[in-house]
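Report on the following structure.
Please treat every number below as a calculation from the coordinates, not as lab data. All values derive from a computational prediction rather than experimental measurement. Ideal geometry is used to build each Cβ from the backbone, glycine not excepted, and the neighbour counts take in all protein chains shown.
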Amino acid sequence: MELHNLRNNAGAKKKRKRVGRGPGSGHGKTSCRGQKGQKSRAGYSRRLSFEGGQMPLHRRLPKRGFNHADRWPMAVVNIDSLEKAFEAGAEVTSAAIVAAGLARATRGGIKVLGRGEVSKGFTIKVQAISPSAQKKIEAVGGTVEIVVLAPVASEKDTTENAE
């Protein structure tokens, strides 16, 4: 076998469809586009949600829900994770939790939940904590402090202050 006698396997290369090349090709006259209409014309394209002019589904359905401007999702961490990551008496802050890789930094801050057991006393300074987690931490001599994040100024607020 040499380069000059290499061949593709049978069926490996398929000939492209040559449309509009006469009736003998089998793809003549309308070039596989059917009869008249918008979709048979050149340059036609439709957006993803187009339903032929009828009212699209996303406009037929009612609006639902409400997004509060000042409410942001919180990252959650359980106390069993804090038990493994921090020493007894350590000050556990949002920044320390993110640095330890236990949660991602989010706009809402961090909430500590009560899954698992804790045997070390921590000083916890986070944005929220569940009642069960707070009981478990205070039972072993730890303290809990709720730290409120500074509100994030929106563009509207900064333009009003500039005037």
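For the options VAL19, VAL144, VAL92, a Gaussian network treatment of the chain with springs between C-alpha atoms closer than 10 Å singles out VAL19 as fluctuating the most. Ranked by the mean number of other Cβ atoms within 10 Å of their residues, highest first, the peptides 61-71, 24-34, 98-108 fall in the order 98-108, 24-34, 61-71.
ALA139 sits among other residues whose Cβ lies under 12 Å from its own Cβ, and their net charge, with Lys and Arg +1 and Asp and Glu -1, is +1. Spacing of the modelled spin labels on ALA90 and GLU2, each 7 Å from Cα toward Cβ, amounts to 7.1 nm.
Taking every Cα-Cα distance in region 44-99 and sorting them into 5 Å bins from zero, the calculated P(r) comes out as 4, 11, 15, 9, 7, 8, 8, 7, 7, 8, 8, 5, 2, 1 percent.
For region 90-103, putting each phi into the Karplus relation 6.51 cos²θ - 1.76 cosθ + 1.60 with θ = phi - 60° gives couplings of 6, 8, 9, 10, 4, 5, 5, 5, 5, 5, 6, x, 7, 7 Hz, in residue order, rounded to whole numbers and with x for Gly and Pro. Among GLY121, GLY20, GLY53, the largest mean-square fluctuation in a Gaussian network model of the chain, built with springs joining Cα atoms closer than 10 Å, belongs to GLY20. Local charge for GLU51 was computed over the other residues whose Cβ lies under 13 Å away, with Lys and Arg +1 and Asp and Glu -1, and equals +4. With a cut-off of 12 Å between beta carbons, the residues surrounding VAL126 carry a summed charge of 0, where Lys and Arg count +1 and Asp and Glu -1.
Taking Cα extents along the principal axes in Å as calculated from this structure, the corresponding entry among (1) 55, 38, 25; (2) 39, 38, 25; (3) 90, 64, 35 is (3). Note on region 37-90 and region 92-132: Cα centroid distance 27 Å, given to the nearest whole angstrom.
Work out the length of the dipole vector of region 75-146 about its Cα centre, built from +1 on the beta-carbon of each Lys and Arg and -1 on the beta-carbon of each Asp and Glu, and round it to the nearest 20 debye.
Taking the Cα centre of region 75-146 as origin, the dipole is about 280 debye.
Give the calculated FRET efficiency between SER130 and LEU61 to the nearest 0.05, with a Förster radius of 45 Å applied to their Cβ-Cβ distance.
Computed FRET efficiency for SER130 and LEU61 comes out at 0.80.
Put a plus charge on the Cβ of each Lys and Arg, a minus charge on the Cβ of each Asp and Glu, and nothing anywhere else: the dipole of the chain about its Cα centre is then about 2780 debye. Computed extension length for ARG46-ALA105: 17.2 nm, one decimal, from 0.36 nm per residue of separation with the Cα-Cα distance subtracted. Residues whose amide H falls under 5 Å from that of VAL147, counting only those 5 or more places apart or on a different chain, are VAL126, GLN127, with hydrogens built in the peptide plane. Considering only the Cα atoms of region 75-146, their convex hull presents on average a projected area of 3.8 nm².
Taking amide H as placed 1.01 Å from N in the peptide plane, the amide H of THR93 sits under 5 Å from that of LYS125, each at least 5 places away or on another chain.
Karplus-derived 3J(HN,Hα) values for region 16-24, using 6.51 cos²θ - 1.76 cosθ + 1.60 with θ = phi - 60°, are 6, 6, 9, 8, x, 10, x, x, x Hz; glycine and proline are entered as x.
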